[in-house]
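Only one structure is covered here, and it is reproduced in the block below.
Please treat every number below as a calculation from the coordinates, not as lab data. Quantities reported herein were computed from a predicted structural model and do not represent experimental measurements. Quick reminder, even Gly has a Cβ in these numbers, built from the backbone with ideal geometry, and neighbours come from all protein chains shown.
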Amino acid sequence: MKAALLISTYNWPKALGLVLKSVENQTVLPHEILIADDGSTQETKQLIATFKENKQLNIKHFWQEDKGFRKSRILNQAVAGSESNYIIQVDGDCIMHKNFVKDHLEAMEKNVYLYGARVNILPEAVTSVLEKKLVSFNYFSKEIKNKSRSLHIPFMAKLYKVHRNYSDKFRGCNVSFWKQDFIDVNGYNEDYEGWGREDSDLVIRMGNKGVFAKRLRYAGIVYHIHHKINSRANFEKNDEMQHQTIKNKVVWVENGVDKYLKQ
């Protein structure tokens, strides 16, 4: 069984550098690291090239031209280009706890997707975190809030059970799933452009197909680097699309990953 770590990014190389540094610190490394880049400039490409020098990291960089927020499209291309069976997904502004990959792999189950929480790094601490290149935090770290989410207690994590319905605790910046389950619903719906709902729409469709959900708590921890909120100009449209997914119990979307898969 091979697992991939999927990281989405757009034009914030300082943050991505910390995320990749936290990959290097993982107690269990993924088989491959898929960087889904929604049109970043040359600075991000150069940063990735420096991390590629670490031969322990099997990094694959997927890039598309910057034509606005098209995250779903580049995520589909990255998953299609993966040779792994299992995908662990984070955002390029989420520093991973050293056991992040290990926790996801230990909790994975067939016909189940996992969703974890995020610890927020305080806005006033972001500059310091980036300058000092901090990638290790704990309950007592002054840079974070939501401190209880930073507790890594594996035996308590095992108390959480699978469930059927979508949870409002779901966050697309910390999720893992089987590649085949992703393909079976045709991946991300590329009709979602602009911020919002593309990630929840994906797992709702998985749930409509019969895939269970399981919350990762006290394990699978990420630390989110605070930033300005993205434009939400398309949010109402995206929200209505998701409403239709729920109402009509949609499983398969037409504008998805299938066009990138090798025949």
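Annotations for the structure displayed:
- Most to least packed among 207-213, 175-181 [average Cβ atoms within 10 Å]: 175-181, 207-213
- Candidate lysines - alpha carbon under 26 Å from LYS67, same-chain residues fewer than 8 apart omitted: LYS14, LYS45, LYS228, LYS237, LYS259, LYS262
- Within region 43-99, the GluC sites (Glu not before Pro) that combine a DSSP coil assignment with at most 12 other C-beta atoms in a 10 angstrom radius are GLU53, GLU65, GLU83.
- Gaussian network model of the chain, Cα within-10 Å springs - most flexible of ASN189, ASN146, ASN76: ASN146
- FRET efficiency for GLU109 and HIS226, using Cβ-Cβ distance with R0 set to 41 Å, rounded to 0.05: 0.80
- Compactness ratio for region 53-186: Cα radius of gyration over 2.2 N^0.38 Å (N = residue count) comes to 1.17.
- Contact order, relative form, for the chain: 25 percent (alpha carbon pairs under 8 Å, 6 or more residues apart, mean separation divided by residue count).
- Gaussian network model of the chain, Cα within-10 Å springs - most flexible of VAL162, VAL79, VAL185: VAL162
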